[in-house]
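A.B. asks: Pasting a structure below so you can have a look.
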Amino acid sequence: MALVEWSSEYEIGIPAFDAQQKRFVGFINDLDVASRTNDMAKMNHVMEELLHYTVTHFEVEEELLEKAEYLYLKAHRKVHELFMKKVSEFRARANKGENISAELLEVLKCWLNTHITREDRDYVPCVKKITESKDAAVTGWLGTKIKQLMS
């Protein structure tokens, strides 16, 4: 059984971002399996994928928030930076042979249940003005960003 089951409570109503959050839940579950089977190679692989995903997701999200003129972008960006720093620290500890799986899983579940379900919801009205735009320049830019997110 999965550690975290995908639920509509994680959706924010922006399809590309909701798909990304499903991937995030997948990372949590993959890390849990690697932890329970004590598969350090798998755990390190998932951590690298998680870092790549996080960097890409945050870049696109922040660019979209900037384009949407989100008032709290600076604070939101700072939260992202702190999360990236924490995940990078976990990776460094794991690379030294430390078993960080239980601690990392708690951090990821907390991120899912606080940042994604609360903080990300704050920007939805602002961002939907862009995601629901009929302007060809905006939809073209957005389409490119969504492709970047999904890669």
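A.B. asks: Does any residue of segment 62-70 turn out to be surrounded by 14 or more Cβ atoms within 10 Å (Cβ to Cβ), hydrophobic (A, V, I, L, M, F, W, C) and within 17 Å of Trp111 (Cα to Cα)?
C.D. replies: no
A.B. asks: Determine the pairs where a residue that is at positive phi, located within segment 1-20, has a partner that is assigned to a loop (DSSP other than H, G, I, E, B) and open to solvent by less than 30 Å² (accessible area, probe 1.4 Å) with Cβ atoms under 9 Å apart, the partner being 6 or more residues away or on another chain.
C.D. replies: Nothing qualifies.
A.B. asks: Now for a separate question. Out of all the residues in segment 72-94, which are touching a residue at least 12 places away in the same chain (Cβ under 8 Å) and closer than 19 Å to Pro125 by Cα? Working first, answer last.
C.D. replies: Just the residues of segment 72-94 that are touching a residue at least 12 places away in the same chain (Cβ under 8 Å), to begin with: 72, 76-77, 79-80, 83-84, 86-88, 90-91, 94.
Result: Tyr72, His76, Arg77.
A.B. asks: Considering Lys74, Lys85, which residue is open to solvent by 20 Å² or more (accessible area, probe 1.4 Å) and over 24 Å from Lys129 (Cβ atoms)?
C.D. replies: Numbers: Lys74 fails: over 24 Å from Lys129 (Cβ atoms).
Of the residues listed, the single one that is open to solvent by 20 Å² or more (accessible area, probe 1.4 Å) and over 24 Å from Lys129 (Cβ atoms) is Lys85.
The values are calculated or read from the model by the stated rules, or taken from the named source; none is laboratory data. Computed from a predicted structure; not experimentally measured. All Cβ positions, even for glycine, are placed from backbone atoms using ideal geometry, and neighbour counts span all protein chains on display. These area figures cover heavy atoms from the full protein model, side chains too; ligands, DNA and RNA do not enter into them. Shrake-Rupley method; radii C 1.70, N 1.55, O 1.52, S 1.80 Å.
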